[in-house]
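Trainee: Starting off with a structure, shown below.
The values are calculated or read from the model by the stated rules, or taken from the named source; none is laboratory data. Since this is a predicted model, take the numbers as computed values, not measurements. In this analysis, Cβ positions are derived from the backbone assuming ideal geometry, glycine residues included, and neighbour counts consider all displayed protein chains.
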Amino acid sequence: MKTTLEEAKENNHDKLVSNLQGLLEKNYDAEKGFKNAMENADDTRLKSYLKQQAAQRARFATELDSQIHALNETPKQSGSITGTLHRTWMDVKNTFTGENAEAVLEECIRGEKASVNAYEQTLKENNFTPEVAQMLTRQASEINETLSSVKKLEDIADNWS
């Protein structure tokens, strides 16, 4: 039989792993979302930017994967069903409305806002080790920078074609 302390440590471990898995899944979704947006973009500059963002999210996923392994757990290997459904919906929407830079960037903004919220909530609700908290804070900061730059790109998207 486990002691109360052992049980609390196990529950904390499980909660931390679950939250890291959730962020990992979000990064898989974001990476695929940026790749999907890249395929739907017409402008070569926008395609290049979206490719960079997909690579950033792949890096975040690798970092999270390493942290989950360090906790002696098996990381998830793919994104969420919700992310897959969203990308499918975007493909259908693009088929009927045509692709344009502004529409692609609007979806990126929506996704980045959701990512920032997920990171902030996860950081607020958990007691991560300083190393993990620092990594998550850095990733959230980079996502905020992406959000700001995507908003700026959306403002000038009308000049692209």
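Trainee: Look at segment 139-161 and say how many of its residues are over 17 Å from the mean Cα position of the chain (by Cα) and modelled with pLDDT of 90 or more.
Mentor: Residues meeting the conditions: 0.
Trainee: Among the residues of segment 37-73, write down those that are farther than 30 Å from Glu131 by Cα and in contact with a His (Cβ under 9 Å, 6 or more places away or on another chain).
Mentor: none
Trainee: Can you tell which of Ala8, Ala30, Ala70, Ala54 is modelled with pLDDT of 85 or more, out of contact with any helix residue (DSSP H, G or I) (no Cβ under 6 Å at 6 or more places or on another chain) and of a type in the set (A, V, I, L, M, F, W, C)?
Mentor: One residue alone meets the criteria, Ala70.
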